[in-house]
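What follows is one structure encoded as structure tokens, with my remarks underneath.
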2 protein chains.
Amino acid sequence: MFSQATMSQPRDAVRHFPAIPAQAPSLRSLFGGQPVETFESGSAVFWEGDDARHVFEVVEGVLRVFRIMSDGRRVITGFIYPGDLLGVSLKDHYLYTAEAVTRTKIRRYERGRFQDEINRSPELRPQLFARLCDEMAAAQDQMILLARKSAEERVASFLLVIARRLGAVQAQAVIEIPMTRLDMADYLGLTIETVSRTMTRLTTCGVIAPSSRHAIVIRKLGKLVMLAGEADDDDNRATGMGSVQQAVWPN
Amino acid sequence: MFSQATMSQPRDAVRHFPAIPAQAPSLRSLFGGQPVETFESGSAVFWEGDDARHVFEVVEGVLRVFRIMSDGRRVITGFIYPGDLLGVSLKDHYLYTAEAVTRTKIRRYERGRFQDEINRSPELRPQLFARLCDEMAAAQDQMILLARKSAEERVASFLLVIARRLGAVQAQAVIEIPMTRLDMADYLGLTIETVSRTMTRLTTCGVIAPSSRHAIVIRKLGKLVMLAGEADDDDNRATGMGSVQQAVWPN
DNA sequence: GGTCTTCGTTACAAACCGTCACAATATCGC
DNA sequence: GCGATATTGTGACGGTTTGTAACGAAGACC
């Protein structure tokens with residue numbers, strides 16, 4: 001819960017307050033003093049059902065957050081990128097598993113202390129709320145994707161979100177896709193074959209071009225935005241970032 | 001955002017602190033002083049894109065919260081029941097439309113004042129966090145439903161969630177379904193015909209029995225839980241309620 | 001360098017759900 | 001009460017996605 005800022009715009013709260021000196025409290029500085037831990041690709045930071053003892057900040061690498069249905073079906077609810085928080089939950093057990101997609105470096109903070117800090121600090125609270133807000137917005141976007149978008153729209157949307165996440169929304173930029181096709185499928189509610197076929201079709205149409213196994217180039221950004229559906233909305237967000245209020249929950 | 005406690009368990013935060021006297025601050029008492037407004041069935045409380053000026057508490061009735069894709073496809077992201085909050089967002093514009101399914105009574109609170117109250121009150125903050133947490137959990141359940149569940153599993157899950165929402169999870173209870181088949185379809189990522197056919201099939205199997213157009217009786221609860229998939233999880237939650245920490249974000 | 005394993009691609013048949021059509025029923029207004 | 005309208009139910013058909021399988025490519029390991 002409140003784990004991933006599930007691939008919204010890069011919205012590091014700090015950048016909204018450029019005038020504030022560096023020593024102002026921020027979520028980033030909160031974790032700054034903690035030691036960095038490394039997780040190898042494929043290893044879990046925690047499992048669904050574990051006691052929720054810590055909150056994490058991702059320093060480097062990418063994680064997948066997922067749940068497994070009783071019959072084995074896996075649903076990835078989000079991917080976590082550097083700067084995102086993980087495990088910010090009010091539940092006493094994690095509701096999902098978090099697993100490293102690539103080699104990942106994180107800092108952890110004991111949950112009780114984290115809550116104390118948030119409670120004490122009028123600067124940190126709005127930052128945390130903004131994170132949760134972005135995460136909720138991302139969850140809604142995902143619901144729209146899963147409820148009504150076609151396979152092609154889903155893949156196109158995914159590539160766009162990834163590109164924005166990397167700050168590389170202009171055409172011809174190389175987009176790293178660290179996750180496997182199976183990860184993408186379980187995130188997009190498709191099968192691995194459908195993902196593969198759709199990527200191939202996008203390549204055939206000249207919209208994207210494979211760069212390596214885990215990277216592509218966006219050749220026709222406009223067309224990709226069109227194929228993603230939700231054209232207006234995505235188009236706006238392609239340029240700038242979201243519209244998080246800055247003076248909200250002030251102080 | 002943070003609008004709906006999208007049909008989780010009935011989790012009025014007050015009930016977790018039975019020892020605390022009635023005058024303790026609570027989200028409910030916060031809205032208590034506000035006048036009640038009535039919205040007729042089909043009318044909108046606010047529209048996607050409106051300036052987000054108010055936060056609402058639903059007193060009576062049911063609302064649907066939805067977004068419309070550029071080509072007209074509608075996705076309902078949640079239904080709002082009495083006791084739920086609506087419009088608790090950090091964005092300066094509402095990201096979705098909220099519309100009355102039935103005649104609905106609400107209280108509204110000016111956004112800035114609401115934020116001030118939350119910020120000032122160490123009692124209210126954990127309550128609001130708990131709501132957001134439940135909403136996020138509901139969003140994840142919905143992602144699982146949309147990503148991997150079959151039509152039958154979706155309808156069965158929906159009926160169960162509705163039943164829990166009404167506190168009527170035992171068999172033979174009459175479950176009111178105020179929304180139309182189209183609402184259900186747009187919430188479950190299906191078409192109206194599929195919803196209709198699936199309801200008919202559940203009736204034929206003796207799992208449910210129609211009571212009226214907008215109400216059913218659950219005849220075989222166990223079988224309905226099985227058909228909903230996610231058997232373990234749902235089974236647990238069928239009995240009790242969630243596991244929101246009580247002493248979290250204390251004070 | 002060679003072998004093994006994992007991952008990705010492609011083809012074909014099958015299933016599920018959506019689309020279209022129309023009938024039946026409920027709801028609302030007069 | 002009665003008709004008009006909206007909502008719901010049911011069928012036949014078709015399309016998109018899935019499932020199964022085989023093949024090819026990339027990386028791991030010795």
- In segment A:188-204, which residue that is away from DNA strand D (no atom under 12 Å from the Cβ) and surrounded by 14 or more Cβ atoms within 10 Å (Cβ to Cβ) is nearest to B:GLN142 (Cα to Cα)? A:MET199
- Quick one: count up the residues across segment B:139-176 that are in a loop (DSSP other than H, G, I, E, B), surrounded by fewer than 20 Cβ atoms within 10 Å (Cβ to Cβ) and within 16 Å of DNA strand D (Cβ to nearest atom). 1
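Each row is one residue, and each column tells you yes or no for (1) within 16 Å of DNA strand D (Cβ to nearest atom); (2) in contact (Cβ under 8 Å) with a residue 40 or more places away in the chain; (3) of a type outside the set (A, V, I, L, M).
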residue: B:VAL59; (1), (2), (3): no, yes, no
residue: B:ARG74; (1), (2), (3): yes, yes, yes
residue: B:GLY83; (1), (2), (3): no, yes, yes
residue: B:VAL101; (1), (2), (3): yes, yes, no
residue: B:TYR109; (1), (2), (3): no, yes, yes
residue: B:ARG113; (1), (2), (3): no, no, yes
residue: B:ARG120; (1), (2), (3): no, no, yes
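If you check A:GLY112, A:GLY72, A:GLY78, A:GLY83, which single one turns out to be touching a strand residue (DSSP E or B) at 6+ places or on another chain (Cβ under 8 Å), among the small types (Gly, Ala, Ser) and more than 25 Å from A:LEU224 (Cα to Cα)?
On the way: A:GLY112 fails: touching a strand residue (DSSP E or B) at 6+ places or on another chain (Cβ under 8 Å); A:GLY72 fails: touching a strand residue (DSSP E or B) at 6+ places or on another chain (Cβ under 8 Å); A:GLY78 fails: more than 25 Å from A:LEU224 (Cα to Cα).
On inspection, the qualifying residue turns out to be A:GLY83.
Please work out if B:ILE68 is of a type in the set (A, V, I, L, M), under 25 Å from B:ILE144 (Cα atoms) and free of Cβ contacts under 8 Å to residues at least 40 places away in the same chain.
Criteria met by B:ILE68.
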- Query: Given segment B:54-138, what strands (runs of 3 or more DSSP E) lie entirely inside it while holding 1 or more residues that are more than 15 Å from A:ARG125 (Cα to Cα), within 7 Å of chain A (Cβ to nearest Cβ) and touching a helix residue (DSSP H, G or I) at 6+ places or on another chain (Cβ under 7 Å)?
  - Reply: B:63-68, B:74-80
- Filter pass, A:LEU159 being more than 14 Å from chain B (Cβ to nearest Cβ) and under 13 Å from the mean Cα position of the chain (by Cα): yes
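Residues checked against (1) in contact (Cβ under 8 Å) with a residue 40 or more places away in the chain; (2) within 14 Å of DNA strand C (Cβ to nearest atom); (3) not β-branched (Val, Ile, Thr):
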position: B:PRO178; (1), (2), (3): yes, yes, yes
position: B:GLY189; (1), (2), (3): yes, yes, yes
position: B:THR204; (1), (2), (3): no, no, no
position: B:LEU221; (1), (2), (3): yes, no, yes
- Message: in a helix (DSSP H, G or I) and more than 30 Å from B:ILE68 (Cα to Cα): which single residue out of B:THR203, B:THR198, B:THR194 fits that description?
- Response: B:THR203
- For B:SER211, indicate whether it is within 13 Å of DNA strand C (Cβ to nearest atom), in a strand (DSSP E or B) and more than 17 Å from the chain's Cα centre (by Cα). yes
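Since every read-out is calculated from the coordinates, none of them should be taken as a lab result. Source: prediction; values computed, not measured. All Cβ positions, glycine included, derive from the backbone under ideal geometry; neighbour counts span all protein chains shown.
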